[in-house]
Amino acid sequence: MAKKYYAIIDVGSNTMRLVIYLRDKGGRLREIENVKAVARLRNYLLDNETLSEQGVQKLTSTLNSFNEVAKSYQLEEMVCVATATIRQAANQSEILKRVSDETGFHMRILSEHEEAYYGYLAVVNSTSVTEGITVDIGGGSTEVTYFKDRQLIESHSFPFGALTLKQDFFKEDLPTEEEFSNLRHYVLEQFHSLPWLKDRQVPLIGIGGGARNLVQIDQSLKDYPLAGLHQYKMKDSDLSFVKNYLFTLPMKKLQKVEGLSKDRADIILPATEVFHSLYDTIQASGFILSRKGLRDGVFYEQLTRDMGTSLFPNVLEESIQELINDYELSMKQVHHVQHLAYELFHQLHDKGIGSLTKEDWVEVKRAGYVFNLGEYIDNEASSQHTFYLLANRTIDGLMHIERLRLALMASFKNKTIFKQFLHPYKKWFLKTEQKKIRLLGAMLKFCYSLDSTRRQTVKDIHITIHDGDLQITAYSGGDWMPEEYQAEKQKKHLEKALKRSIELSFEETSGSSS
């Protein structure tokens with residue numbers, strides 16, 4: 001199958017970007033090239049609101065440079081969109097003509113509503129948040145939206161961005177306390193002018209470069225042990241701490257802050273203030289970063305043209321399917337292990353063993369899809385690869401802590417290795433949570449061993465209790481010797497997690513319930 005490449009150029013007020021995506025078998029887009037140019041077009045907007053000749057030249061030369069990169073791919077489609085600075089430019093028709101004549105690109109200027117809408121679309125198609133407020137601060141405008149049940153309810157574009165706030169409020173690159181206070185007062189006033197923002201008490205989802213840098217700084221200050229930025233969560237105290245920390249630094253040190261792009265050093269404070277003021281206005285339940293934004297939103301709309309809706313039905317299911325495709329997992333085996341896990345889980349639950357809940361089953365089923373996927377890389381170190389791949393890969397629809405729980409369950413091998421994987425994250429879970437994750441992992445490992453030859457020979461299991469011990473009968477449709485050997489070897493992990501002895505027996509069955 002020929003690879004399908006798509007490209008988008010995003011002409012922002014501060015930065016211009018070319019992003020090239022590869023469309024995978026499942027139809028999702030994977031970013032494979034991301035080229036950034038700090039053009040700062042906003043600085044070329046004259047007093048009469050026209051983009052200067054120098055600004056137009058900066059725009060066209062950057063686009064031609066992007067074109068050279070794009071030529072090395074056979075593109076299915078190339079989209080070029082522009083936001084606030086070009087939208088606000090009095091000479092925009094002249095700019096469009098120059099761009100078309102000198103670069104061959106047909107640049108589409110997004111309206112305020114479109115810019116906000118594409119940000120919302122990217123968030124609901126790449127996270128599991130069903131109600132929230134999105135904020136995307138660019139160089140010259142700030143878009144906010146409110147969505148509920150994944151549907152867009154409100155949107156607004158404010159005529160200020162990180163660059164314009166810096167220009168309007170700071171005399172130098174860095175603000176005085178009074179200037180920073182004036183900026184906060186102004187931003188709060190702007191946010192309070194929208195009644196639908198006040199006291200929403202929902203997650204605030206940050207989009208774009210400013211939000212990304214903020215999260216990278218927070219992760220760096222905390223020596224955060226997991227990879228990935230998408231769906232990372234910060235609290236009010238984290239925002240305050242980062243803001244106050246940045247405010248104390250002179251420009252030379254600010255430019256060297258780990259996680260902060262050097263070209264954003266002079267505009268990170270206005271951006272951080274926007275996030276913090278909005279967080280306070282809506283009394284947010286947390287600040288979540290979405291790596292997916294405007295550019296992704298534009299493509300989600302294009303990819304779903306024939307679906308009759310721009311929303312993917314289930315973000316997490318799509319992500320799990322992507323993992324199944326990438327690691328060539330056998331769906332026949334996955335479903336069989338899930339069937340055995342369902343029987344084991346619900347029979348233990350019905351007997352009141354293990355304090356199991358409905359939510360636990362959701363996690364076991366999810367981990368059942370990707371259990372032991374590290375075998376794809378190396379059979380001997382399968383557990384280590386499984387943990388690393390799942391813990392450090394962005395999984396749309398899962399917050400970082402959920403991703404970690406999934407990795408710990410799906411990589412379960414034994415108590416020692418489980419503790420080794422858990423060690424850097426011990427403070428993330430209560431002792432009771434750690435024990436529960438270990439139990440669920442041990443259950444999956446046991447069920448996986450009952451299909452060790454991948455023949456689905458063990459059709460069903462039945463549990464009885466005798467003097468407090470568990471008696472598990474496995475009903476098999478054929479020779480079960482290899483499964484018996486593996487299950488006898490693995491049952492000790494389940495015994496330790498449940499603190500009960502397990503007697504295992506195999507019987508032949510004529511019928512199949514799998």
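Every number in this text was worked out from the coordinates using simple rules, so none of it is lab data. What you are looking at is a predicted structure, and each value in this text was computed from that prediction instead of being measured. Cβ coordinates were reconstructed from backbone atoms using ideal geometry, including for glycine residues, and neighbour counts include every protein chain displayed.
Structure data summary
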read-out	value
Proximal charge balance of residue 396 [Cβ under 12 Å; K/R count +1, D/E count -1]	+1
Karplus (6.51, -1.76, 1.60) ³J(HN,Hα), θ = phi - 60°, over the range 81-89, in Hz, Gly and Pro reported as x	10, 10, 10, 3, 4, 5, 4, 8, 5
Relative contact order %, the range 52-202, counting alpha carbon pairs below 8 Å whose residues are six or more apart	15 percent
Isotropic mean projected area of the C-alpha convex hull, the range 37-150 (nm²)	8.3 nm²
Amide hydrogen neighbours beyond the local backbone of residue 160, cut-off 5 Å, H modeled	142
Dmax and Rg, reported as Rg then Dmax, of the range 164-215 (C-alpha, Å)	13.5, 36
Share antiparallel - DSSP beta bridges, the chain, percent rounded to 5	60 percent
Added length on full extension, which subtracts the Cα-Cα distance from 0.36 nm per residue, residue 465 to residue 355	38.0 nm
Whole-Å semi-axes of the range 113-291's equivalent ellipsoid (Cα gyration tensor)	24, 19, 14
Dipole magnitude of the chain about its Cα centre (Cβ charges: Lys, Arg +1; Asp, Glu -1), debye to nearest 20	1180 debye
Sorted peptide list for 220-227, 256-263, 154-161, criterion being average Cβ within 10 angstrom, highest first	154-161, 256-263, 220-227
For the range 221-295: span of alpha carbons on each principal axis (Å, largest first)	34, 29, 28
Under 5 Å, built H, 5+ apart or other chain: amide partners of residue 4	23
Residue order, fewest to most surrounding Cβ atoms within 10 angstrom, among 267, 137	267, 137
DSSP-defined antiparallel bridges as percent of all bridges, the range 113-291, nearest 5	65 percent
Using θ = phi - 60° and Karplus 6.51 cos²θ - 1.76 cosθ + 1.60, couplings along the range 190-200 (whole Hz; Gly, Pro as x)	4, 5, 5, 6, 9, x, 6, 8, 5, 6, 5
For 472, 437, order by how many other beta-carbon atoms lie within 10 Å, fewest first	472, 437
Residues whose placed amide H lies under 5 Å from that of residue 461, excluding near-sequence neighbours	475
Projected label distance in nm at residue 248 and residue 71, using a 7 Å step from Cα toward the beta-carbon	5.1 nm
Cubic angstrom per residue, convex hull over Cα atoms of the chain	169 Å³
Cβ-defined net charge surrounding residue 172, 14 Å radius [Lys, Arg +1; Asp, Glu -1]	-3
Note, ³J(HN,Hα) from phi for the range 124-135, Karplus 6.51, -1.76, 1.60, rounded to Hz, x at Gly and Pro	6, 8, 9, 9, 9, 6, 9, 9, x, 10, 9, 9
FRET efficiency, residue 151 to residue 498 (Cβ-Cβ, R0 41 Å, nearest 0.05)	0.40
Spin-label pair residue 46/residue 428, simplified geometry with 7 Å Cα→Cβ offset, distance in nm	5.5 nm
Using distinct alpha-carbon pairs, which all enter the 1/r mean, Kirkwood radius of the range 317-508 in Å	16.8 Å
Two-site FRET efficiency, residue 333 against residue 302, from Cβ-Cβ distance with R₀ of 30 Å, rounded to 0.05	0.25
